[in-house]
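What follows is a single structure, written as structure tokens, with notes after it.
No value in this document is a laboratory result; all are computed from the given coordinates. All of these numbers come straight from a predicted model, not from anything done at the bench. Cβ atoms come from the backbone with ideal geometry, glycine included; neighbour counts cover every protein chain shown.
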Amino acid sequence: MIMDTMYSKNILYILSYSGYGINYRVKKLMESSIINSKYKVKLLFYNDKHTTGINLRPYRVIHYSLFERIIHKGLKFIKIKNYIENRFLFFSYRFTLINRLFKLMCKEVEKNIRNKMTCLFVCPPHDLLVCAKKLKMKYPNIRMLIDWQDLLSFDEYYFSKHPNWKKERMIRLERDVLKFINMNIFSNYKAENMMISQFDISSYTCTSIVHPFDKEELPSKEVKYFNKKLPGKGIKYGFLGGLFKEPKVPGDKFLLALKHVVTNIDTEATLHIWGTSYRIIEKTCPSSRNMHKNIFAYDFIPHEKALSELSHCDVLILILGHVPNANVIMHAKLSHYLALGLPILAFVPENSFVREVINRTKKGFVVSDNDWIKGFIDFYNNIENISFEANKKEIDKFGLDRFISNWMEILD
């Protein structure tokens, strides 16, 4: 189909997934008054659970039909379910939702044929790539962007869950999509450079935009550029998110190192976790069962409240395993950590983007050695040397204003 070159208005479609809440980057784009002043923004997402936390307008959500729900729930009770999903469904059992999302987008394109349309696909999950490929093949003149918030074949935690035959199809689809997309957006420059070299794609179709923090969500509504002075003992550590995402986030390895600390160095040290239940901690790392006085796990709470609770800690914990592609990973919580005015203790590989950020911002202490017990000991020995004044210029690069400005450059 040849699309009309005379446009009456700009429309930005954001296509995403919502399990238990909308993606943070999507939320910030939808809320931006600057973007909304230049584009009619429409959010379309599919959901196989429920729509908690969705209060953005306008949006269109695609759910399972009643028949699909009955079939899916019935399969849960028979052993053949995993075999069916792994053997026949690509990318996942959500293929019916993806197909419906594609049909909905076709109707939108036909209805707004005289308008300038931009489609932004937000990955993960990567089954959205199926919809992106089909849509671009049918309407080649649509401007299409993909926000690769996690790399598919470069994310060991996600990729390792799939059988080998499916991995091959995933990589093939990934390569196809990277070639014909108008712009690929990655979470940091190292990820961007790796994809350009690894997949032999043009640098003109790639860029990077880091995960942002919004100062309005911070406890004091302002960024703190001074690190908190630390006590010598009785340090209160804070962690946000899932602690066990092997091999990317080896939480059990960290807890073993912490156990050594509370046994031999700082008996009053405590770890406070928001985003991982104590039941999961005990199940995944049995050695932590004797650390009830030192580990406190809290229920899942809204993002702003979690940041408020974190601000009462002394040190924020960041973990990244020594995996082959660790250098291109950026944790979404890193930007929020930077803005809280607390030093970060980061267990991350030597050449990682995360390590580079913490060193540039002067926000804490980095343990690059694979021996985390030794790293903890070095941390306590160097507490007095941790910089009090962080690098304001570098921290501001992760703010929401810069985030929106970078997106506007791409969209315009």
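Just a few scattered comments:
- Fraction of antiparallel bridges per DSSP, the range 151-307 only, in percent to nearest 5: 15 percent
- Taking amide H atoms as placed 1.01 Å from N in the peptide plane, the amide H of residue 144 lies under 5 Å from those of 119, 182, 183, each 5 or more residues away in sequence or on another chain.
- Look at the alpha carbon pairs under 8 Å that are at least 6 residues apart: their mean separation over the length of the chain gives a relative contact order of 14 percent.
- Residues of the range 223-240 with amide N under 16 Å of the 7 Å Cα→Cβ point at residue 267: 233-235
- Most simply put, the chain has about 5% antiparallel DSSP beta bridges, counting only bridges with both residues inside it.
- Listed values (1) 1.04; (2) 1.12; (3) 0.97, entry calculated as Cα Rg over 2.2 N^0.38 Å: (1)
- The residue among 207, 315, 387 whose Cα reaches farthest toward the positive pole of the charge dipole of the chain, with charges on the beta-carbon of Lys, Arg, Asp and Glu, is 207.
- With 32 Å as the limit, the listed pairs 27/363; 190/215; 167/253; 167/224; 133/392; 229/305 have 167/224; 133/392 beyond it between alpha carbons.
- DSSP beta bridge pairing in the range 215-396, given as percent antiparallel to the nearest 5: 15 percent
- The range 215-396: relative contact order in percent, alpha carbon pairs under 8 Å with at least 6 residues between: 27 percent
- Rounded FRET efficiency, nearest 0.05, which uses the C-beta distance separating residue 382 from residue 299 and R0 of 45 Å: 0.85
- A Förster radius of 25 Å combined with the Cβ-Cβ distance from residue 9 to residue 204 puts the calculated FRET efficiency at roughly 0.40.
- Estimated [θ] at 222 nm from DSSP helical runs (n ≥ 4, -39500 (n - 2.57)) normalised by residues in the chain, nearest 500: -11500 deg cm²/dmol
- Between the range 324-341 and the range 163-212, the alpha-carbon center distance in angstrom: 19 Å
- More than 30 Å apart - percent of Cα-Cα pairs taken over the range 215-396: 11 percent
- Computed magnitude of the charge dipole of the range 112-258 (debye, nearest 20; Cβ of K, R +1, Cβ of D, E -1): 160 debye
- Lys, Arg +1 and Asp, Glu -1 on Cβ, resulting dipole of the chain about Cα centre, debye, nearest 20: 1580 debye
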